[in-house]
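> Can you read through this structure? Questions will come right after.
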Amino acid sequence: MDFRKIAEKRYTTKKYDASKKISEAHIEDLKHILKLSPSSINSQPWLFTFVSHKETKDALAEASFFNSPKISNASHLVVFSVQDNLEQFERHVEENLAEGSINYYKQFLKDQPAEKTINWLTQQVYLSLGFFLAACAAMEIDSTPMEGIEPEKYKEILNIKNHKVLFSVAIGYRDSEDGNQPSINGKSRLAIDKVITSIE
């Protein structure tokens, strides 16, 4: 696998082919990959909700502003949520994490303001997003990460408890006429010397 070539081909899909669906085997692989996402102290403060049920996906599309067509036509929608019930998260830490991780939580996180802790937990979910997008690209599955959604409506539609909805990712296969494809529109990125420095 040449990951550089994969990165060059990957793009944020704007238009999906509604007739093409991701195989159940690939969906199971993606679920397993998300489960393996990295997080600080192995905190894993997340909930990933996979949606392929048409009526539910359409309801979520209606709560997604200009992103609605992408969601309606994509094969699946994956909703990323963070645990925002800190009492529940503390129980999770005590019951599931290694001693060193528990000690880190007690020393650096437990007594700080709740908003700061939730912000830290949120950063871990964004780590999983990068992992997920890379996995999709490697599997030749197209993806569209979206913060342009109505999180509270998502929570209500999906009946999510003790978590805060952060963003969603449409996944599927591009429409051949999607004008955002790198082969049609190119990729717009800053020059490498603008974003990377080396100390040798």
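> If we keep just the residues of the stretch 106-116 that are basic (Lys, Arg) and assigned to a helix (DSSP H, G or I), which is surrounded by the most Cβ atoms within 10 Å (Cβ to Cβ)?
The residue in question is Lys106.
> Here's something else I'd like to know. Run down Glu55, Glu28, Glu24 and say which single residue is among the charged types (D, E, K, R), within 29 Å of Phe89 (Cβ to Cβ), loosely packed, with under 13 Cβ neighbours inside 10 Å and modelled with pLDDT of 95 or more. Write out each step before concluding.
Details: Glu55 fails: within 29 Å of Phe89 (Cβ to Cβ); Glu24 fails: within 29 Å of Phe89 (Cβ to Cβ).
One residue alone meets the criteria, Glu28.
> I've got another one for you. Of the conditions (1) open to solvent by 50 Å² or more (accessible area, probe 1.4 Å); (2) of a type in the set (Asp, Glu); (3) under 16 Å from the mean Cα position of the chain (by Cα), Asp142 fails just one. Which one is it?
Going through (1) open to solvent by 50 Å² or more (accessible area, probe 1.4 Å); (2) of a type in the set (Asp, Glu); (3) under 16 Å from the mean Cα position of the chain (by Cα) one by one, Asp142 breaks only (1).
> Among the listed residues Lys110, Lys153, identify the single one that is of a type in the set (Lys, Arg) and at pLDDT 95 or above.
Step by step, each of Lys110, Lys153 is checked, and only Lys153 is of a type in the set (Lys, Arg) and at pLDDT 95 or above.
> Could I ask something else about it? Filter the stretch 28-75 down to the residues that are assigned to a loop (DSSP other than H, G, I, E, B) and within 27 Å of Asn103 (Cβ to Cβ), then identify the one that is farthest from the chain's Cα centre (by Cα).
Result: Ser43.
> While we're on this one: Please list, ordered by first then second residue, the pairs with beta carbon atoms under 7 Å, 6 or more apart or interchain, first in the stretch 171-200 and of a type in the set (Asp, Glu), second in a loop (DSSP other than H, G, I, E, B).
What qualifies is Asp175/Lys15; Asp175/Asp17; Glu177/Lys15; Asp178/Thr13; Asp178/Lys14; Asp178/Lys15.
> Which members of the stretch 95-105 meet the condition of being open to solvent by 40 Å² or more (accessible area, probe 1.4 Å) and in contact with a helix residue (DSSP H, G or I) (Cβ under 9 Å, 6 or more places away or on another chain)?
Selection gives Asn96, Ala98, Gly100, Tyr104.
> Under the condition of being at pLDDT 95 or above and more than 24 Å from Asp17 (Cα to Cα), which residue from the stretch 162-189 is most open to solvent (accessible area, probe 1.4 Å)?
Lys164
> Select, from Leu127, Leu133, the only residue that is surrounded by 12 or more Cβ atoms within 10 Å (Cβ to Cβ), closer than 20 Å to Asp84 by Cα and within 11 Å of the chain's Cα centre (by Cα). I'd like the intermediate steps shown before the answer.
Working: Leu133 fails: closer than 20 Å to Asp84 by Cα.
Exactly one of Leu127, Leu133 is surrounded by 12 or more Cβ atoms within 10 Å (Cβ to Cβ), closer than 20 Å to Asp84 by Cα and within 11 Å of the chain's Cα centre (by Cα), namely Leu127.
> Give the residue, chosen from Asn119, Asn103, that is over 20 Å from the mean Cα position of the chain (by Cα) and either part of a loop (DSSP other than H, G, I, E, B) or free of Cβ contacts under 8 Å to residues at least 40 places away in the same chain (or both).
Sole residue among the options that is over 20 Å from the mean Cα position of the chain (by Cα) and either part of a loop (DSSP other than H, G, I, E, B) or free of Cβ contacts under 8 Å to residues at least 40 places away in the same chain (or both): Asn103.
> Any chance you could count how many residues in the stretch 150-165 are part of a loop (DSSP other than H, G, I, E, B), within 19 Å of Leu121 (Cβ to Cβ) and out of contact with any Asp or Glu (no Cβ under 8 Å at 6 or more places or on another chain)? Before the answer, list the steps.
Let us first name the residues in the stretch 150-165 that are part of a loop (DSSP other than H, G, I, E, B), namely 150, 159-162.
Next, from what is left, pick out any that are within 19 Å of Leu121 (Cβ to Cβ): 160-162.
So of that shortlist, the ones also out of contact with any Asp or Glu (no Cβ under 8 Å at 6 or more places or on another chain) come out as 160-161.
Residues meeting the conditions: 2.
Here's the yes/no breakdown for (1) of a type in the set (S, T, N, Q); (2) within 12 Å of Val169 (Cα to Cα); (3) open to solvent by 50 Å² or more (accessible area, probe 1.4 Å):
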residue: Thr49; (1), (2), (3): yes, yes, no
residue: Leu60; (1), (2), (3): no, yes, no
residue: Pro69; (1), (2), (3): no, no, yes
residue: Asn73; (1), (2), (3): yes, no, yes
residue: His76; (1), (2), (3): no, yes, no
residue: Phe80; (1), (2), (3): no, yes, no
residue: Gln83; (1), (2), (3): yes, no, no
residue: Leu86; (1), (2), (3): no, no, no
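The values are calculated or read from the model by the stated rules, or taken from the named source; none is laboratory data. Bear in mind that the values here come from a model prediction, so they are computed numbers and not experimental data. With ideal geometry, Cβ positions are generated from the backbone for all residues, glycine too; neighbour counts draw on all protein chains shown. These area figures cover heavy atoms from the full protein model, side chains too; ligands, DNA and RNA do not enter into them. Shrake-Rupley method; radii C 1.70, N 1.55, O 1.52, S 1.80 Å.
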